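**Q** Right, I'll just put the structure down here and ask away after.
The values are calculated or read from the model by the stated rules, or taken from the named source; none is laboratory data. Model, not experiment: these values are computed from the prediction. Because the Cβ atoms are built from the backbone with ideal geometry, glycine has one as well, and the counts that use them run over all protein chains shown. Side chains are part of the model used for accessible areas, which takes the heavy atoms of the whole protein and leaves out ligands, DNA and RNA. Shrake-Rupley method; radii C 1.70, N 1.55, O 1.52, S 1.80 Å.
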Amino acid sequence: MKILKILNQIYRYYPKNIPFNTEKYQNSNEYLEQLRKRKIAYENLEYKYCIEDNLRTIFKDYIVFDWTDLKNYNCYEYRILLHKNQPILDDDIKLITMLKNERLDLFIFISILEKYYYVQFNKTIYDLKTNKWIFKILDKYPENLKMELDNLKKFFSSEGYIELTESIIKEKVNSVETELDETGESTVFSCIFTDVMKI
């Protein structure tokens, strides 16, 4: 995937060299197009349910959480608790205790601006001695999830989506601001998916 193509797509939705908190930005053709795309996705519940149904079918032995907020961000977002047949408990402490202080989740981001998606494996460790939470992004995918991940790729491919790599999503997008990222801070991830989470 050529980064230049992605950047050119991003510039359709973000005006260059204009601060976010200005009338010029808010009324720009680029930002209005971004909001239009978000509104279409927000109203298209049928497609959202299609994605969710497929995720729940692919990860049938796991809990799938919907973290989507299309009123504010540019992606469908799902988190999958990667512990087989483990129900969600009343709070995070009870759950992490049940999981022997190590929790594994799959984060899935699906852009509503262009046909891209990104997946990330996260490990959460709770240190009983220090009462601290430790968050790690895993480089390698767990071997026992190969079938599910293959089926996930097949589903996204059948819908015309392209998976973005970690190196691409971390690329800086020059000359544009998002609501939370000033010029020089914006990345492919914050523009295509969400700027509330840093990758």
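**Q** If Lys and Arg each add +1 and Asp and Glu each add -1, what is the summed charge of the other residues whose beta carbon sits under 11 Å from the beta carbon of Trp67?
**A** On the way: positive: Arg79; negative: Asp66, Asp69, Glu77, Asp105.
Around Trp67, the surrounding residues sum to -3.
**Q** Below 11 angstrom from the Cβ of Ile192, what's the summed charge of the other residues (Lys, Arg +1; Asp, Glu -1)?
**A** Neighbour charge sum, excluding Ile192 itself: -2.
**Q** Can you give the convex hull volume of the alpha carbon atoms of the chain per residue, in Å³?
**A** It comes to 140 Å³ per residue, whole-number rounded.
**Q** With all protein chains present and a 1.4 Å probe, how do Trp67, Trp133 order by accessible area, largest first?
**A** Final ranking, largest accessible area leading: Trp67, Trp133.
**Q** Rounding to the nearest 20 debye, state how big the charge dipole of the chain is about its Cα centre with +1 on each Lys and Arg Cβ and -1 on each Asp and Glu Cβ.
**A** 360 debye
**Q** Between Leu82 and residues 5 or more places away or on another chain, which pairs have amide H atoms under 5 Å apart, with H built 1.01 Å from N, and which residues are they?
**A** Leu104, Asp105, Leu106
**Q** By the scheme Lys and Arg +1, Asp and Glu -1, what is the net charge of all other residues having a beta-carbon under 10 Å from that of Arg12?
**A** With Lys, Arg at +1 and Asp, Glu at -1, the net is -2.
**Q** Can you work out the accessible area per residue across segment 3-193, with the rest of the protein chains kept in place, probe 1.4 Å, in square angstrom?
**A** On the way: 10810 Å² over 191 residues.
I get 57 Å² per residue for this part.
**Q** Right, next: Obtain the nm distance between the two label points defined at Leu138 and Met98 by a simple spin-label model: each point lies 7 Å from its Cα along the Cα-to-C-beta direction.
**A** Distance between the two pseudo-spin positions: 1.9 nm.
**Q** Separate question: Can you give me the % of accessible surface on the chain that is carbon or sulfur? Probe 1.4 Å, all protein chains present, nothing else counted. Could you put the intermediate results ahead of the total?
**A** Details: 5790 of 11380 Å².
Looking at the chain in its full context, I get 51 percent from C and S.
**Q** For Asp195, what accessible surface area do you get with a 1.4 Å probe? Give it in Å², rounded to 10.
**A** Rounded to the nearest 10, the figure is 10 Å².
**Q** I've got another one for you. Output wanted: per-residue J couplings in Hz (rounded whole) for segment 23-37, from phi through Karplus 6.51 cos²θ - 1.76 cosθ + 1.60, θ = phi - 60°, x for Gly and Pro.
**A** 5, 4, 5, 4, 9, 5, 4, 5, 5, 5, 5, 4, 5, 4, 4
**Q** With every protein chain in place, what's the accessible area of Val176 (1.4 Å probe, Å², nearest 10)?
**A** It works out to around 0 Å².
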